[in-house]
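Inspection log for the structure reproduced underneath, given as structure tokens.
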Amino acid sequence: MKSKYLFWGFVALVALSPLFLPTYQVTLLNYIGLNALVVLGLVLLTGVGGMTSFGQAALVGIGAYTTAYLTVTEQLPEFLMWTGGNPWMALIFGIILTVISAFIVGGLTLKLSGHYLPLGTIAWGISLYYFFSTIESLGGHSGIANIPNITVFGHALDTNNKMFYLIWLILFVAMVLTKNLLNSREGRAIRALKGGQVMAESMGVNTFRSKMVVFVISSIFASISGWLYAHTQSFINPTPFGLQMGIDYLFMALLGGVGSIWGAIFGAGIFTMMRQWLQDLMPIIFGNDGQYETIVFGLLIVLLMQKAPSGLWPMLVKKLPSRFKPTDQHTEIKEPTFELPALELPAQGTVILEARNVTKKFGGLVANNQMNLKIHAGEILALIGPNGAGKSTMFNQLSGVDVPSSGEVIFLGEKINGLQSREIAKKGLSRTFQHVKILPEMTVLENVVIGAHLRGQKGVFSSLLHLDRNEENNLLNEAKSQLERVGLGEYLYIEAGSLALGQQRILEIARALCARPSVLLLDEPAAGLRFKEKQALADLLTKLKAEGMAILLVEHDMDFVMNLVDHIVVMEFGEKIAEGLPEDIQKDKAVLEAYLGGAA
Ligand SMILES: Nc1ncnc2c1ncn2[C@@H]1O[C@H](COP(=O)(O)OP(=O)(O)OP(=O)(O)O)[C@@H](O)[C@H]1O
């Protein structure tokens with residue numbers, strides 16, 4: 001079944017439910033919708049972006065308190081008069097305030113990694129909670145009452161049934177926007193965050209910006225949920241915006257399946273209903289002494305998470321009869337409509353990349369010592385040497401993944417050491433990695449199109465509103481043709497993680513080629529390939545060289561190297577010990593001794 005039919009079927013079911021459900025269940029659905037909106041933000045932030053946040057409840061609080069303050073306070077300060085006590089104006093102001101807060105909080109916390117990021121979110125979650133409780137004009141612990149109804153075209157949404165439609169309408173719009181974002185250039189950059197930042201940055205993604213985008217969007221969702229909550233309840237106090245609720249939102253996301261949009265709705269639904277049922281049921285069984293519902297609830301959550309560690313939604317989808325499963329998970333690729341921008345390749349023979357006396361020290365260990373090498377357009381240069389010689393370190397210095405301790409890296413006459421790897425990628429350098437860096441749960445095509453990131457321009461707004469169709473189609477076309485070129489054309493829609501390791505290396509080459517680079521850095525491209533695959537790879541590299549690309553490769557397979565490359569640099573203990581044509585290197589005494597152990 002087409003996913004849009006599933007979506008519209010669900011919309012219709014939700015739209016009709018107030019007609020046959022009692023009011024208290026509609027109220028429950030309102031809370032599910034409010035929670036789902038926050039959890040949808042967590043799907044983006046945690047499930048897709050890989051950033052765990054315990055602080056979302058505080059952002060809900062910003063939306064709720066802003067509207068409560070602006071719509072209840074009789075004498076607003078001069079600079080807020082324009083809001084006129086109108087809930088819609090308060091929504092706009094709440095979003096502005098949320099975006100500003102997200103930039104400040106995000107700027108301080110998103111650079112943290114590991115355990116420090118969740119700890120950071122706990123810190124600001126607690127700070128904002130105490131802020132709400134201590135500010136007098138926000139009502140302190142007693143909160144703010146008499147929050148007016150929202151009016152739509154002069155019609156007051158003064159019942160739970162009326163608020164229901166606004167809550168779910170906003171949730172559905174947020175779902176569509178989220179889906180659009182995830183299937184876009186910006187969305188892939190966000191999804192790439194989870195696979196580590198080195199790869200994404202090397203493909204030209206500004207990972208801090210991507211983190212900020214996802215943080216701001218998830219904050220806006222939370223803030224709008226707060227706005228809706230305040231007008232649904234007509235009363236607020238700090239309790240629902242504390243750390244406990246921040247943890248609950250995370251539970252909802254994990255319970256439903258933090259990686260999917262539907263998981264957010266499902267998790268919020270199950271969590272909210274389960275808690276309500278237990279609150280009704282437990283006192284009947286155990287009486288009113290003790291909070292047994294909390295204990296049973298905790299146990300149930302732990303149990304469910306053990307049974308379905310990736311969430312209940314993915315488990316449910318697996319069990320669904322096939323006619324209910326979405327059949328159109330992949331965007332159809334149409335004929336390209338325009339040529340994507342590409343850098344022009346420098347003339348054959350031009351020195352594109354040069355290392356001048358590059359030294360890299362790790363504490364007392366000198367991994368690269370006074371290294372010099374040059375790579376010309378239309379040339380394949382191999383960097384060889386025994387294990388631990390410093391080849392990968394050299395790669396990292398050349399591509400901006402690391403910064404040399406001294407010396408210079410020159411790209412087309414310009415010094416580039418110290419530049420971020422995404423800046424170097426912009427100049428026309430693309431690379432693969434010794435330990436493959438792919439996103440195993442994304443399709444082969446989605447992985448490869450990340451390589452074309454810099455050749456697209458459409459930003460967040462175009463992505464959210466799906467105004468990027470043309471460019472997106474052209475980017476996918478580019479990825480598809482590069483995959484066909486490297487011989488992976490039949491695997492476009494399978495999960496990249498299910499490819500053999502050798503094929504994953506080839507996928508990385510296709511990804512690097514999507515950037516249309518002038519220099520290609522390949523770290524052990526032939527490792528894990530069978531004889532025929534190696535031959536195909538050698539043919540491809542020879543063709544790229546003939547087109548004028550400069551290729552630098554690190555490789556241990558000497559047959560592959562000697563029959564393919566134009567020039568070889570040999571390293572041992574971080575130093576260059578020889579340089580020359582393959583036939584000369586094969587006879588070089590120092591090389592035979594050091595690299596081939598003198599046996600050849
Ligand atoms: N980040 C790091 N911190 C400390 N030492 C490092 C780091 N990266 C590399 N080294 C050390 O630098 C030396 C060179 O390592 P490098 O990985 O560059 O060698 P290589 O020639 O690529 O080896 P291989 O062929 O086995 O991949 C090694 O002794 C390695 O342990």
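The values are calculated or read from the model by the stated rules, or taken from the named source; none is laboratory data. Since the model is a prediction, treat every value here as computed from it, not as a measurement. Neighbour counts are summed over all protein chains in view; Cβ atoms, including those assigned to glycine, are modelled from backbone coordinates with ideal geometry. Each accessible area value is taken on the protein alone, full model and side chains, heavy atoms only, with ligands, DNA and RNA left out. Shrake-Rupley method; radii C 1.70, N 1.55, O 1.52, S 1.80 Å.
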Using only the alpha carbons of the chain, determine the length spanned along each of the three principal axes and report them from longest to shortest in whole angstroms. 88, 54, 51
Work from the charge dipole of region 429-588 (Cβ charges, +1 for Lys and Arg, -1 for Asp and Glu, about the Cα centre) and give the residue of PRO525, LEU476, LEU488 farthest towards its positive end. LEU476
How much length, in nm to one decimal, is gained on full extension between THR134 and ASN146, taken as 0.36 nm per residue of separation minus their Cα-Cα distance? 2.3 nm
Rounded to the nearest 0.05, FRET efficiency between LEU119 and LYS415 (Cβ-Cβ, R0 41 Å) equals 0.60
Per-pair calculated FRET efficiency, R0 = 41 Å: ASN161 and ILE285 via Cβ, rounded to 0.05: 0.85
If you take the beta carbon distance between ARG530 and TRP277 as r and set R0 to 60 Å, what does 1/(1 + (r/R0)^6) give as a FRET efficiency, to the nearest 0.05? 0.55
Ignoring ligands, DNA and RNA, what accessible area per residue does the chain give at 1.4 Å, in Å²? 45 Å²
Shape of region 236-308 from its Cα gyration tensor (a ≥ b ≥ c, root eigenvalues): rounded if a/c is under 1.5, otherwise prolate when a/b > b/c, or oblate? oblate
Give me the percent of DSSP beta bridges within the chain that run antiparallel, rounded to the nearest 5. 60 percent
Give the carbon-plus-sulfur fraction of the accessible surface of the chain in %, rounded to a whole number; probe 1.4 Å, heavy atoms of protein chains only. 59 percent
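Quick one: net charge of ALA452's neighbours, Cβ under 9 Å, K/R +1, D/E -1?
Charge balance near ALA452 sits at +3.
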Within the set LYS391/LYS576; LYS374/LYS589; LYS4/LYS162; LYS361/LYS437; LYS361/LYS545; LYS334/LYS545, which residue pairs have Cα atoms separated by over 21 Å? LYS374/LYS589; LYS4/LYS162; LYS361/LYS437; LYS361/LYS545; LYS334/LYS545
The simple spin-label model distance between PHE461 and LEU592, using points 7 Å out along Cα→Cβ, in nm, is 6.9 nm
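Residue separation times 0.36 nm, minus the C-alpha to C-alpha distance between GLU490 and LYS4: what's the value?
Computed gain between GLU490 and LYS4 is 172.3 nm.
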Per 10 Å bin from zero, what fraction in whole % of the C-alpha pairs of region 2-154 is there, up to the bin with the longest pair? 9, 29, 32, 24, 6, 0
With the dipole of the chain worked out from charges on the C-beta (+1 for Lys and Arg, -1 for Asp and Glu) around the Cα centre, which of LEU110, VAL565, LEU255 lies farthest toward the positive end? LEU255
Can you give me the distance in nm between label points at PHE20 and PHE79, each placed 7 Å from the Cα along the Cα-to-Cβ direction? 5.3 nm
Beyond a 29 Å Cα-Cα separation, which of these cross-linked pairs lie in this structure: LYS360/LYS426; LYS458/LYS480; LYS415/LYS534; LYS194/LYS543? LYS415/LYS534; LYS194/LYS543
With no solvent and one point per C-alpha, what does the Debye sum give as log10 I(q)/I(0) for region 117-214 at q = 0.25 Å⁻¹? -1.12
